[in-house]
Amino acid sequence: MAEIETQQVKLQGGQELILRTALPRDAWAVVDFRKHAAATSRYLIARPEEYHRSSWQERSHLKRVLKTEDQVYILAEDDKGDIIGLVTTQVFRRQRTRHIIEFGIAVHSAWRGSGLGSLMLEELIRWAETVPTLEKIELHVHANNEGAIKLYQRYGFEIEGCRKAAFKYDDGTYMDDILMGRALSRLKSL
């Protein structure tokens, strides 16, 4: 079962919050959070109107994720119990790529720049190191999201490639997609 240990953590500014595994009972709040994140961040692929998963579908998805050993959804809650951050993972099921996990991370607009992304990323890496089948973590990031790229590099992620003009913004401009990866301790070399 893919779960992290529930823990109370403190941000740099002293705010306390909870990091824990997203559970089926969180489905409605996860859907609401995803829509908020999509509406307030230029760096997520989905627009709010493109997120069609109902709370019932999200609940079923979270149940499936909990039954796996190589996927996890990590959420951060504030002192009121509201979701303020979410890490989602996807493992590739093909035999030749199932040693790789890909993740996405979203932070509530009011909590961006607070250090929450770092805490969630640390927890994801810590969890991934415990999964025997995983050897590498990958992610996609908009080339103009310099803060995120620096964060990932601080945690050992390296730029591995670039997809030119992969994203098209509402104003008609394009942005490259940077592929980054980080070896886990089981991978002999990159």
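The values are calculated or read from the model by the stated rules, or taken from the named source; none is laboratory data. Keep in mind that this is a model prediction, so the values were computed, not measured. Positions of Cβ are backbone-derived with ideal geometry, glycine not excepted, and every protein chain shown enters the neighbour counts. The protein model used for the area step is the full one, side chains on, heavy atoms only, and it has no ligands, DNA or RNA in it. Shrake-Rupley method; radii C 1.70, N 1.55, O 1.52, S 1.80 Å.
Brief remarks on what is shown
- Close Cβ contacts (under 6 Å, 6 or more residues apart or on different chains) running from residues in the range 162-179 that are small (Gly, Ala, Ser) to residues that are part of a strand (DSSP E or B) comprise Ala165/Tyr174; Ala166/Asp177.
- Flag for Leu17 being within 20 Å of Leu139 (Cβ to Cβ) and crowded, with 17+ Cβ neighbours inside 10 Å: no
- Of all residues in the range 91-117 being closer than 23 Å to Arg64 by Cα and among the basic types (Lys, Arg), the one that is least open to solvent (accessible area, probe 1.4 Å): Arg98
- Filter result (open to solvent by 20 Å² or more (accessible area, probe 1.4 Å) and in a loop (DSSP other than H, G, I, E, B)) within the range 64-77: Thr68, Glu69, Gln71
- Within the range 4-14, the set of residues being in a strand (DSSP E or B) and open to solvent by 70 Å² or more (accessible area, probe 1.4 Å) comprises Gln8, Lys10.
- Only one of Ala37, Ala27, Ala46 that is in a helix (DSSP H, G or I), open to solvent by less than 80 Å² (accessible area, probe 1.4 Å) and without any contact (Cβ under 8 Å) to a residue 40 or more places away in the chain: Ala27
- Test result for Val87, in a loop (DSSP other than H, G, I, E, B), closer than 19 Å to Leu119 by Cα and touching a residue at least 24 places away in the same chain (Cβ under 8 Å): no
- Residue within the range 53-63 that is more than 17 Å from the chain's Cα centre (by Cα), of a type in the set (D, E, K, R), modelled with pLDDT of 95 or more and surrounded by fewer than 20 Cβ atoms within 10 Å (Cβ to Cβ) present: yes
For (1) within 16 Å of the chain's Cα centre (by Cα); (2) under 22 Å from Arg47 (Cα atoms); (3) surrounded by fewer than 16 Cβ atoms within 10 Å (Cβ to Cβ), each residue gets a yes or a no:
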| site | (1), (2), (3) |
| --- | --- |
| Leu119 | yes, no, no |
| Glu123 | yes, no, no |
| Ala128 | yes, no, no |
| Lys136 | yes, no, no |
| Val141 | yes, yes, no |
| Ile149 | yes, yes, no |
| Ile159 | no, no, yes |
| Lys168 | no, yes, yes |
